[in-house]
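Comments concern the structure below.
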Amino acid sequence: MGRFEFGEYRTLALLGAGGMGRAYLARSGSGRLVVVKVMHAHLAAEPLFRERLRREVQAARAVTGPFTAAVLDAAPQAPLPWLAVEYCAGPTLSEAVAGCGPLASDDLASLGAALAEALTAIHAAGLAHRDLKPANVLVTGQGPRVIDFGIAKALGDGPASAPSDEALTGSGEMLGSTGFMAPEQMTYATEPAASCDVFALGALLALAATGRRPHGGGTAPQIVYRTLHEEPDLAGVPDGEWGAFLTRCLSKRPDGRPTAAEALDWCAARAGERPWWERPEVTALIDGHEEAVARRIAVSADADGEGATRVGPPPTPAGPSRRRVFAWAGAAVTTAAGVTAAVALLGDEPGTRRQPVTSSWRTGTPLWTREVGDLEYGGALTRTADALYVRLDGTARRLDPNTGAVAWEFEGAADVLPSGKTVYVTYSRSGSSSPEVVALDAANGTERWRTGALESNPYRPYGFYSPDGPSTLLAVTRRTACLVTFAEYDTSWARRTNQGQRWRAYGFDLPTGAPLWFRSGTAAQVTALNAAGGRFALASAAATFGPLYVLHERTGEEESSIPDGSATPEVHPGARGTRYYTTRTSVRRVNLATGKASWTRPLEEARVVSPAGDELVVASTADGLSALDAADGDRRWWRDDVRALTTPDGHPLADATAIYATGPRPGVSATSAGVSTWGIHVLAAATARLRWAVPVDGLTTMSYAAAGDGLIHVCTSTTLQTFRGP
């Protein structure tokens, strides 16, 4: 892995990645181990995500206490926003319960007292956590740590409450995780408050005492129904007063629950002298996590080699590796950056149904590897039918997908857009602040045309002497190329008040590169540029969701302006077909021309989705992979033993016949909440059955993946690896 510096923190190893960003183990200047979380570049362009990160940092810094994890440093306004959080190694609560068994009364009381003390600190800061669940509790050698204030809400009477804290969640979104959400979070009967955290505390303690959730498992609607209408199942909790206490915590009425401080007093009075997390079986589990971190650092440090190296047949499949991937602790995937104040080796939650493991399987073949550098920052990996394009540090290269040989390279490329027999690049001339668009022959890289410097564009009005913004977006239709220049907002105030560099759009004739038109917009950052139906749709960030400007491809004239349309830049009058969008709790299929949804289906914590041909849509969730029928949204299948292999924009890698995933060695069961580092699984799209699998070295440091023509390309750390199916 390449080494990066964020403030005083220097990265050591990539711990994990998700749809929202990446987590690195890092060391401060004084030698302290921390976790640095960095937002994906495509999300950093979204003002809403930056605003969420700002709020999450503010919320987390207001919380202090021995059983909460601290945010140490942050840069929400950096080009790639990041934050440094306290490093904690340990299992999630669910993994600890699964590995060590249900807790006895005194152990349960020590756990309850620690969690209640954490909630007391959170509430004292004027916050309600609102997403307390097993994945947001890490068990460390110093006790449990409550993490992830990604959807914390100011209560209005504490230090974290401020007029600038805007509501950042869409209307009608259900915040929390089923099984641990209070009824009022599901019905919106009252504003969720501190009492909803006490409900979650009761559910956590019931899980720790019995190994199962008090309102059962199953689909999200089933759990919601039982939470609203049935009494919790507390069979198996320790004898004595535990049943009555947990019943109070799980009361359907907020005023029927104790406060966190009252729960702390109750549990502390019953706790044993030796806390549960100091018992040998628990410390052994914690030690295993710490050892896994040490191995991961060693593996990252040993990564070396350069050039294109052909490798031999795959090794004979061995037993399961002890290494397990680090991911963003808790539910960080549900927010922009997820202020998860620690990293966990994700484990199992009791009662989760699994698919049967595979006893026989076919192995893929490694074809070649090449050192390409770390693509995580400023890099790109693009696969077409007959080529693989890699861009890093201003150099674009076309590689032969079958051999890794470099066909050609182009220096000074900022954007690379393959389209048919031509590759369009945004070119920045050395010493010039003005970009150009250059068209290259895809086969040999020879130049077909270039636009020249933008300041000489004949359609740009006289007197436009100010430089263009440093950021660019490029899109093409069948006849026109459009280049947009803009500057990102430095502050939230600048965005709200519409201050800063105006965006500019330039149209060029696609066959010749001749200039066609120029248009200058409002003082707003641009977050997306979509090309469809002879139109360019430009998403403005003048507000949380700014307007979407629809421009005619040949004239640049504004045909329409869609209020709040930048949230869905693919939806405009020129578009055709359908697209799938997600919220925290659902997936919907939208007609791009009309913006109307043909169906909406609940899917808990849906992250991102991708179409798999015309018949299926694949959704990546916190629990694994699901396939929905494209026609009606009904679920065809789901897998909880694998996780999605993602494209550079964070979407599941899939096509009409195959779904690409990461998972354990076939035949070895994986935990429902974990992601194995063993290798890649290629699943049949229609049935989710395993077609073939291949072990991959360094999968924990994966940054980008692409597939095509039976090949899979994976960039791990600085190495690009390619595999072929049997």
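Please determine, by comparing only the residues of segment 533-547 that are under 19 Å from Tyr506 (Cβ atoms) and at pLDDT 90 or above, which one is nearest to the chain's Cα centre (by Cα).
Here is the first cut: in segment 533-547, the residues under 19 Å from Tyr506 (Cβ atoms) are 534-540.
Keeping just the survivors that are at pLDDT 90 or above gives 534-539.
On the way: Gly534: 32, Arg535: 30, Phe536: 28, Ala537: 25, Leu538: 24, Ala539: 22 Å.
Per the stated criteria, the residue is Ala539.
Would you pick out the residues in segment 578-594 that are at pLDDT 90 or above and of a type in the set (A, V, I, L, M, F, W, C)? Passing the criteria: Val590, Leu592, Ala593. For the condition farther than 25 Å from Arg32 by Cα, at pLDDT 85 or above and among the aliphatic types (A, V, I, L, M), what is the one hit in Ala167, Ala125, Ala96? The unique qualifying residue is Ala96.
For segment 563-582, what are the residues that are among the β-branched types (Val, Ile, Thr) and surrounded by 19 or more Cβ atoms within 10 Å (Cβ to Cβ)? It would help to see each step written out before you state the result.
Here is the first cut: in segment 563-582, the residues among the β-branched types (Val, Ile, Thr) are 568, 571, 578, 582.
Within segment 563-582, Thr568, Val571 meet the criteria.
Taking the criterion of being in contact (Cβ under 8 Å) with a residue 40 or more places away in the chain, part of a strand (DSSP E or B) and within 11 Å of Leu603 (Cβ to Cβ), the only residue of segment 628-637 that qualifies is Leu628. Would you check if there is a residue in segment 558-567 being within 15 Å of Trp503 (Cα to Cα) and not aromatic (Phe, Trp, Tyr)? Yes, segment 558-567 has at least one match.
Conditions tested, residue by residue: (1) more than 19 Å from the chain's Cα centre (by Cα); (2) at pLDDT 85 or above.
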{"site": "Thr600", "(1), (2)": "yes, yes"}
{"site": "Val642", "(1), (2)": "no, yes"}
{"site": "Gly650", "(1), (2)": "no, no"}
{"site": "Ala658", "(1), (2)": "yes, yes"}
{"site": "Gly667", "(1), (2)": "yes, no"}
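Among all positions in segment 623-634, there is at least one residue which is surrounded by fewer than 22 Cβ atoms within 10 Å (Cβ to Cβ) and under 16 Å from the mean Cα position of the chain (by Cα).
Met181 satisfies every condition listed in (1) in a loop (DSSP other than H, G, I, E, B); (2) modelled with pLDDT of 85 or more; (3) in contact with a Lys or Arg (Cβ under 8 Å, 6 or more places away or on another chain) except (3).
For segment 99-119, the criterion of being in contact with a strand residue (DSSP E or B) (Cβ under 6 Å, 6 or more places away or on another chain), surrounded by fewer than 21 Cβ atoms within 10 Å (Cβ to Cβ) and not in a strand (DSSP E or B) is met by no residue.
Check Thr600, Thr585 and return the single one that is surrounded by fewer than 23 Cβ atoms within 10 Å (Cβ to Cβ) and in contact with a Ser or Thr (Cβ under 6 Å, 6 or more places away or on another chain). Exactly one residue qualifies, and that residue is Thr600. As an exercise: evaluate Lys421 against (1) of a type in the set (Lys, Arg); (2) in contact (Cβ under 8 Å) with a residue 40 or more places away in the chain; (3) under 30 Å from Ile712 (Cβ atoms) and give the number of the one condition it does not meet. Of the numbered conditions (1) of a type in the set (Lys, Arg); (2) in contact (Cβ under 8 Å) with a residue 40 or more places away in the chain; (3) under 30 Å from Ile712 (Cβ atoms), the odd one out for Lys421 is (2).
Taking segment 264-277 on its own, how many of its residues are assigned to a helix (DSSP H, G or I) and loosely packed, with under 15 Cβ neighbours inside 10 Å?
Count: 1.
For segment 511-523, a residue qualifies if it is buried (at least 17 other Cβ atoms within 10 Å of the Cβ) and either under 35 Å from the mean Cα position of the chain (by Cα) or without any contact (Cβ under 8 Å) to a residue 60 or more places away in the chain (or both), and the qualifying residues are Leu516, Trp517, Arg519, Gly521, Ala523.
Residues in segment 530-582 that are of a type outside the set (A, V, I, L, M) and either assigned to a loop (DSSP other than H, G, I, E, B) or touching a His at 6+ places or on another chain (Cβ under 6 Å) (or both): 22 in all.
Just name the residue that is surrounded by the most Cβ atoms within 10 Å (Cβ to Cβ) out of those in segment 207-246 that are of a type in the set (Gly, Ala, Ser) and over 30 Å from Val587 (Cβ atoms).
Filtering first and then ranking leaves Ala209.
Filtering segment 94-113 for residues that are farther than 24 Å from Pro214 by Cα, of a type outside the set (Asp, Glu) and either touching a residue at least 60 places away in the same chain (Cβ under 8 Å) or in contact with a Phe, Trp or Tyr (Cβ under 6 Å, 6 or more places away or on another chain) (or both) leaves an empty set.
Within segment 454-474, restricting attention to residues that are among the aliphatic types (A, V, I, L, M) and in contact with a strand residue (DSSP E or B) (Cβ under 6 Å, 6 or more places away or on another chain), the residue that is modelled with the lowest pLDDT is Leu473.
Kindly indicate whether any position in segment 255-263 is without any contact (Cβ under 8 Å) to a residue 40 or more places away in the chain, in a loop (DSSP other than H, G, I, E, B), at negative phi and surrounded by fewer than 17 Cβ atoms within 10 Å (Cβ to Cβ). No, segment 255-263 contains no residue that is without any contact (Cβ under 8 Å) to a residue 40 or more places away in the chain, in a loop (DSSP other than H, G, I, E, B), at negative phi and surrounded by fewer than 17 Cβ atoms within 10 Å (Cβ to Cβ).
Residue pairs whose Cβ atoms lie under 8 Å apart, separated by 6 or more positions or on different chains, with the first residue in segment 174-198 and at positive phi and surrounded by 22 or more Cβ atoms within 10 Å (Cβ to Cβ) and the second of a type in the set (Ser, Thr, Tyr) and modelled with pLDDT of 85 or more, are Gly179/Thr227.
Among the residues in segment 238-245, are any within 37 Å of the chain's Cα centre (by Cα) and touching a residue at least 24 places away in the same chain (Cβ under 8 Å)? Write out each step before concluding.
Within segment 238-245, the first condition is being within 37 Å of the chain's Cα centre (by Cα), and the residues that meet it are none.
No, there is no match, as no residue in segment 238-245 is within 37 Å of the chain's Cα centre (by Cα) and touching a residue at least 24 places away in the same chain (Cβ under 8 Å).
Here Ala152 meets each of (1) at pLDDT below 85; (2) touching a helix residue (DSSP H, G or I) at 6+ places or on another chain (Cβ under 7 Å); (3) more than 30 Å from Glu290 (Cβ to Cβ); (4) small (Gly, Ala, Ser) with one exception, condition (3).
Candidates in segment 584-599 are the residues that are aliphatic (A, V, I, L, M) and not in a loop (DSSP other than H, G, I, E, B); of these, the one that is farthest from Gly533 (Cα to Cα) is Val587.
The values are calculated or read from the model by the stated rules, or taken from the named source; none is laboratory data. Computed from a predicted structure; not experimentally measured. All Cβ positions, glycine included, derive from the backbone under ideal geometry; neighbour counts span all protein chains shown.
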